Amino acid sequence: MTSSAAGVDLTSRVSAAFREKFARSCSGIARAPGRVNLLGEHVDYNDGYVLPAAIDRATYVAFGPARGASSTVWALDFDAVVTLDPHNLPARTDAHAAPLSAWARYPAGVAWALKGDGRPIRALDAVFASEVPRGAGLSSSASVELAFAAAWQAVAEWALSPMDLALLCQRAENQYVGVNCGIMDQAASACGEQGRLLLLDCRSLQFRTLPLPAGVVIIVADTGIRHALAASGYNSRRAACEEAVRLLRHDLPGITALRDVDLETFNRLANGLPREVERRARHVIEEIDRTQRAVPLLESGDVRAFGGLMNASHVSLRDLYEVSCPELDALAGIARSLDGCFGARLTGAGFGGCTVNLVEGDAALGFVEKLGAAYQDQTRRHAEIYVCAPSAGASVLYAGAVD
Ligand code: GLA
């Protein structure tokens, strides 16, 4: 049910493909994981707290220094190659001045952000493939960005902290790819630790890790739904949060983000906000509160109470933030009725994608089977369902010639 065997398989696939394309061994393989978020949804861009884990599904980049000034990147998953010339990066075109395809914007964006940061970058040859499902809310984009950042770091003469690499990749995503995400995904992919959850303060960027309580597993269930409207839905939620801050500033001039408003103060002022803005802001303020309350519960191993907060988070994302969909509601609802399930909620931006479930280890097999069967019954759709082990963040697995 877990995917570590797939990871081994992908490292040999990318290194063999590298040898085939470039007629030499690669000098290293960079790995960067996707992430699943347990609590703290749609709060990273409100300076809140999040509780994600890097997962054991990752992107792998076999790389080596290039002979010339251009980088050549082969995406095995798309069977497509791009050549990146440093001079053409700002125009988002390849070495022949043709517009970059969607996938090529991730490695190009990382190179662009590195250049903008004043980092000397060496051109590299690379082959990459990913086992993080695309568009499923598990941060496949961040995993591609971090894997390339780790590869570029390995061939250059500098080293950034994992959080600085995350910030650089977020800049690539915001300003080059054009997706206005917060810091959670890149931070989780960069700073994850095996077996542990990451508690990140998205304002100070301070973080610490907490163990996943003994005897429970994280299970991810994919609705199979991918919504084209997700980007505009995400942006309009961000805009509503900004509007809430602007309006609340009349009474609370010192605030800069919804993080600065506690629940009691918000309840006192909520009437003055337009109905929709009030609902969006209430989700954020309550979700930040839930995430803070979750920490002592995790530390004391009270998984039942922690799961209760996950369930409440789903309801809030469905009713107040309105980023769920019938299939996510079906998966979360079925999960909650099954034995051994402590909590279930949508994870990531929503509008489709996956739920995250916290399940008693001994009940995991039965849970996976029953959830899949009931979802199929209710929706006539198939859900990919698997156990996810919290994994380490981005790193270079092998340095030196890899055969
Ligand atoms: C996406 C974004 C993150 C975060 C989540 C919602 O995954 O990339 O920055 O905002 O949605 O919590």
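The values are calculated or read from the model by the stated rules, or taken from the named source; none is laboratory data. Here the structure is a predicted model, which is why all the values come from computation and not from measurement. Glycine gets a Cβ as well: all are built from the backbone with ideal geometry, and neighbour counts include every protein chain shown.
So the values come out like this:
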read-out	value
Sole exception among (1) modelled with pLDDT under 95; (2) buried (at least 23 other Cβ atoms within 10 Å of the Cβ); (3) not small (Gly, Ala, Ser) for residue 55, by number	(1)
Residue match in the range 348-363 (condition: in contact with an Asp or Glu (Cβ under 6 Å, 6 or more places away or on another chain) and of a type in the set (Gly, Ala, Ser))	yes
Among (1) within 16 Å of the ligand (Cβ to nearest atom); (2) touching a strand residue (DSSP E or B) at 6+ places or on another chain (Cβ under 7 Å); (3) not polar (S, T, N, Q) - the single one residue 62 does not satisfy	(1)
Strands (runs of 3 or more DSSP E) contained entirely in the range 1-93, each with at least 2 residues that are among the aromatic types (Phe, Trp, Tyr)	52-65
Tabulated pairs, the range 25-45, first closer than 20 Å to residue 149 by Cα, second at pLDDT below 95 and aromatic (Phe, Trp, Tyr), C-beta under 7 angstrom, 6+ apart or interchain	28/398; 29/398
The range 301-326 residues that are surrounded by fewer than 18 Cβ atoms within 10 Å (Cβ to Cβ), paired with ones that are part of a helix (DSSP H, G or I) (beta carbon under 6 Å, 6 or more apart)	305/297
Candidates 18, 22, 78, filtered to the one that is among the aromatic types (Phe, Trp, Tyr) and either within 16 Å of the ligand (Cβ to nearest atom) or buried (at least 22 other Cβ atoms within 10 Å of the Cβ) (or both)	18
Residue match in the range 381-403 (condition: more than 23 Å from the chain's Cα centre (by Cα) and without any contact (Cβ under 8 Å) to a residue 24 or more places away in the chain)	no
Selection from the range 25-37 of residues that are within 11 Å of the ligand (Cβ to nearest atom) and either β-branched (Val, Ile, Thr) or under 18 Å from residue 316 (Cα atoms) (or both)	36, 37
Criterion (within 16 Å of the ligand (Cβ to nearest atom), under 21 Å from residue 40 (Cβ atoms) and either outside any strand (DSSP E or B) or not aromatic (Phe, Trp, Tyr) (or both)) met by exactly one of 198, 168	198
Identity of the residue in the range 171-192, among the hydrophobic types (A, V, I, L, M, F, W, C) and within 13 Å of the ligand (Cβ to nearest atom), that ends up nearest to residue 241 (Cα to Cα)	181
Count - residues of the range 119-161 that are β-branched (Val, Ile, Thr) and either free of Cβ contacts under 8 Å to residues at least 12 places away in the same chain or within 16 Å of the ligand (Cβ to nearest atom) (or both)	2
Residue within the range 157-180 that is buried (at least 17 other Cβ atoms within 10 Å of the Cβ), in contact with a strand residue (DSSP E or B) (Cβ under 9 Å, 6 or more places away or on another chain) and closer than 30 Å to residue 381 by Cβ present	no
Yes/no for residue 354 being within 16 Å of the ligand (Cβ to nearest atom) and under 25 Å from the mean Cα position of the chain (by Cα)	yes
Set 151, 156, 80, 75: member being closer than 27 Å to residue 25 by Cα and at pLDDT below 95	156
Number of positions in the range 312-351 that are more than 16 Å from the ligand (Cβ to nearest atom) and in a strand (DSSP E or B)	4
